[in-house]
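The values are calculated or read from the model by the stated rules, or taken from the named source; none is laboratory data. For clarity, every value in this text was computed on a predicted model and none was experimentally measured. We place every Cβ from the backbone using ideal geometry, glycine too, and count neighbours over all the protein chains shown. Side chains are part of the model used for accessible areas, which takes the heavy atoms of the whole protein and leaves out ligands, DNA and RNA. Shrake-Rupley method; radii C 1.70, N 1.55, O 1.52, S 1.80 Å.
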Amino acid sequence: MKLLDGKTVLVTGASTGIGRAAAVGAAKAGADVVINYHSRDDDAAACIAEIEAAGQRGLAIKGDVAAPETATEFVAKAVEAFGKVDVMVSNAGICPFHSFLDMPVETVQRTMQVNLLGGYFMCQAAANQMVAQGHGGALIAVSSISALVGGEYQTHYTPTKAGLHSLMQSTAIALGKYNIRCNSVLPGTILTEINKDDLADEAKRKYMEGRIPLGRLGQAEDLAGPIVFLASDMAAYVTGAALLVDGGAFVNLQ
Ligand SMILES: NC(=O)C1=CN([C@@H]2O[C@H](COP(=O)(O)OP(=O)(O)OC[C@H]3O[C@@H](n4cnc5c(N)ncnc54)[C@H](OP(=O)(O)O)[C@@H]3O)[C@@H](O)[C@H]2O)C=CC1
Ligand SMILES: C[C@H](O)[C@@H]1OC(=O)[C@H](O)[C@@H]1O
């Protein structure tokens, strides 16, 4: 018996990085998995191949999470294909690093729309489906350590991560009566496409590594276990929680 046997798990932003690791991790734990992605057709197809190699069914649906209708379509197509939705992992996100004083309006708006509003509408669409099904479910938002601490070039980004953290707290209250659990994971610095350019700066990368008690930056796969746990019945009494997955970076003051 695997942790997610019989469950249908939806993951946004799963063509690469943390979303892909979560999708493949869910499949390895026994779930059928439907993924959303924005632009990387080949990577999305490769993710589905990994899901199928794990012996599970997979389906990729392209769409921009910034548009509310992407969420309702994503959930509807998942139900059409696999009959139900048990878990929504709202992961899609962007972080175009930029200084505060000259931050372009469009960059702020796009970051808010993708990261926060995209997460809101995805969780709302999944929750409506779960309520209609009548047997509970789990929402998991990929927030960030950046929900708790700031970043000089992330003034448009960190509020979206704090917002997702807060969204899971409020939805935990709103949806508890339906046995829908709502939690967030708070990754630290994880080596993915989102920060490839930022961490190409050797000095910055070394500095970030030096802040981490476990002595290394994270890999996308480091998030798979925590996400599978929160999706599973092992976490049946966990809701409104936020799980730091940061190698200890947050607690490392001195
Ligand atoms: N890496 C890190 O250090 C940390 C990351 N996070 C969060 O983790 C999440 C995943 O990031 P990560 O894996 O690192 O980054 P990646 O850049 O590797 O992956 C981002 C994923 O999001 C998708 N995506 C981007 N924009 C949209 C959109 N408008 N609609 C649908 N999908 C979209 C991308 O799709 P495609 O490639 O097809 O365009 C891709 O699948 C983000 O929310 C990020 O904020 C949190 C803390 C730390
Ligand atoms: C993209 C950044 O490297 C990454 O994003 C986060 O949310 C983390 O806090 C890191 O800053």
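Here are a few things to note about the model shown:
- Relative frequency of Cα-Cα separations exceeding 19 Å in segment 30-99, percent: 37 percent
- Segment 55-189 - Rg (one decimal) and Dmax (whole number), Cα, Å: 15.6, 50
- Label-point separation, residue 57 to residue 202 (7 Å along Cα→Cβ), nm: 5.1 nm
- Calculation over all alpha carbon pairs of segment 109-254 in 5 angstrom steps from 0 returns a P(r) of 2, 9, 17, 21, 19, 14, 9, 5, 2, 1, 0 percent.
- Net charge, residue 20 excluded, C-beta distance under 9 Å - Lys, Arg +1, Asp, Glu -1: -2
- Qualifying lysines (Cα of each under 28 Å from Cα of residue 204; at least 8 residues distant if same chain): 161, 196
- Accessible surface, per residue, of segment 188-254 when the full set of protein chains is kept, probe 1.4 Å, Å²: 60 Å²
- Per residue, segment 1-148 exposes 41 Å² of accessible surface when a 1.4 Å probe is rolled over the protein heavy atoms with every protein chain present.
- Relative pair counts by distance (%), Cα atoms of segment 209-254, 5 Å bins: 5, 20, 23, 20, 15, 12, 5, 1
- In degrees, nearest ten, helix 68-82 long axis to first principal axis of the chain (Cα): 40 degrees
- In straight-distance terms, cross-link reach from residue 2 covers every one of the lysines whose alpha-carbon lies under 18 Å from its own, apart from those fewer than eight places away in the same chain; here that gives 28.
- Residue 5-residue 40 FRET efficiency (beta carbon distance; Förster radius 25 Å; 0.05 resolution): 0.30
- Within the accessible area of the chain (1.4 Å probe), percent carbon and sulfur: 55 percent
- Each other residue within a Cβ distance under 12 Å of residue 220 adds +1 if Lys or Arg and -1 if Asp or Glu, for a net charge of -2.
- Low-density loop cleavage sites - trypsin sites (Lys or Arg not before Pro) in segment 179-254, where at most 11 other Cβ are within 10 Å (DSSP): 196, 216
- In plain terms, the chain is cut at each of the chymotrypsin sites (Phe, Trp or Tyr not before Pro) found in a DSSP loop with at most 16 other Cβ atoms within 10 Å, and the longest leftover piece is 1-96.
- Value of relative contact order over segment 161-254, rounded to a whole percent, pairs C-alpha under 8 Å and six or more apart: 42 percent
- Taking the Cα atoms of segment 105-147, the ratio Rg/Rh between the radius of gyration and the Kirkwood radius comes to 1.12.
- Eigenvalues of the alpha-carbon gyration tensor of the chain, scaled by 5 and square-rooted, set the equivalent ellipsoid semi-axes at 28, 19, 19 angstrom, largest first.
- The Cβ shell under 14 Å around residue 205 holds other residues with a net charge of 0, Lys and Arg each +1, Asp and Glu each -1.
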